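> Attaching a single structure in structure tokens format; questions to follow.
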Amino acid sequence: MHKLILNFINLYEYIHWCAKIKDEVEKLAYQLNEEAERTERPIRRLSKVMYGSTCADMQLHAMGECLSSIKHVVGKTSGCFYPRSNHWKLEEGRSVTSVAAEFGIAHSIVSRLWRQFQTTGTAIRGFSSGRPRGTTPADDRYIVLQARRNRRQTAGEIARHTTQANGRPISRFTVARRLHGGGLFARCPVRCVPLTPAHRRRRSLWCRKHRNWRDNEWG
């Protein structure tokens with residue numbers, strides 16, 4: 001009986017330890033997914049591979065910072081990689097072609113990330129402000145002002161006028177986006193039946209005849 005109780009206690013402690021390990025692995029996997037959302041496509045593919053792995057594999061990869069970049073899995077020759085401040089080394093010695101085939105990405109992407117890691121020590125894509133705008137805030141106000149002054153102008157005409165005014169070429173598509181930002185959109189005038197002089201005369205007579213009517217007479 002005493003031995004059975006000891007076995008039960010050991011089994012309970014083992015289950016508790018497994019549950020604790022599982023919680024830690026799920027936490028690390030969640031952190032991996034959050035990190036992958038802020039990096040480029042190859043890293044997101046690594047995140048998907050991690051979620052499809054077993055708990056043991058996930059724990060091993062997580063302790064190596066979960067393969068947070070291609071640098072952890074790419075190596076032309078056998079070598080050891082120390083992710084950031086970790087001492088968990090990952091020895092792969094795999095070719096660029098095999099890694100590209102595993103994750104379903106182009107050979108050039110893996111090669112570029114590997115060269116970037118060798119040069120800068122990181123394979124995570126940096127952030128940039130993007131392409132500069134083709135117009136200044138003053139140009140944007142001028143475009144909206146031109147459209148309000150003459151609502152029959154087209155975007156191409158406004159683009160030509162703006163180019164002549166500031167000396168910088170802009171396209172009609174840029175003008176359309178600036179007008180949309182200012183709350184102006186293209187509209188076609190409604191086509192109505194043209195009124196003849198006889199129509200106008202009859203309308204005038206009807207208005208004069210009914211101008212003194214009271215509310216009860218209109219009912």
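The values are calculated or read from the model by the stated rules, or taken from the named source; none is laboratory data. For clarity, every value in this text was computed on a predicted model and none was experimentally measured. For neighbour counting, all protein chains shown are included, and Cβ atoms are generated from backbone atoms with ideal geometry for every residue, glycine included.
> Please determine whether any residue of region 106-122 is within 30 Å of PRO169 (Cα to Cα), out of contact with any Pro (no Cβ under 9 Å at 6 or more places or on another chain) and at pLDDT below 75.
Checking region 106-122: not a single residue is within 30 Å of PRO169 (Cα to Cα), out of contact with any Pro (no Cβ under 9 Å at 6 or more places or on another chain) and at pLDDT below 75.
> Just to check your reading of the model, which residue among ALA176, ALA198, ALA186 is more than 33 Å from the chain's Cα centre (by Cα), at negative phi and among the small types (Gly, Ala, Ser)?
Answer to the check: ALA198.
> If you don't mind, another one. Counting only residues that are in a helix (DSSP H, G or I) and among the hydroxyl-bearing types (Ser, Thr, Tyr), which one in region 94-108 is nearest to the chain's Cα centre (by Cα)?
Selected residue: SER108.
> Of the residues in region 109-152, how many are surrounded by fewer than 16 Cβ atoms within 10 Å (Cβ to Cβ) and either outside any helix (DSSP H, G or I) or acidic (Asp, Glu) (or both)?
Adding up the residues that qualify gives 16.
> Something else: Just checking, how many residues over region 154-187 are free of Cβ contacts under 8 Å to residues at least 40 places away in the same chain, surrounded by 15 or more Cβ atoms within 10 Å (Cβ to Cβ) and in a loop (DSSP other than H, G, I, E, B)?
1
> Across region 188-199, what is the number of residues that are surrounded by 10 or more Cβ atoms within 10 Å (Cβ to Cβ) and either closer than 30 Å to GLY156 by Cα or at pLDDT 90 or above (or both)?
Number of matching residues: 1.
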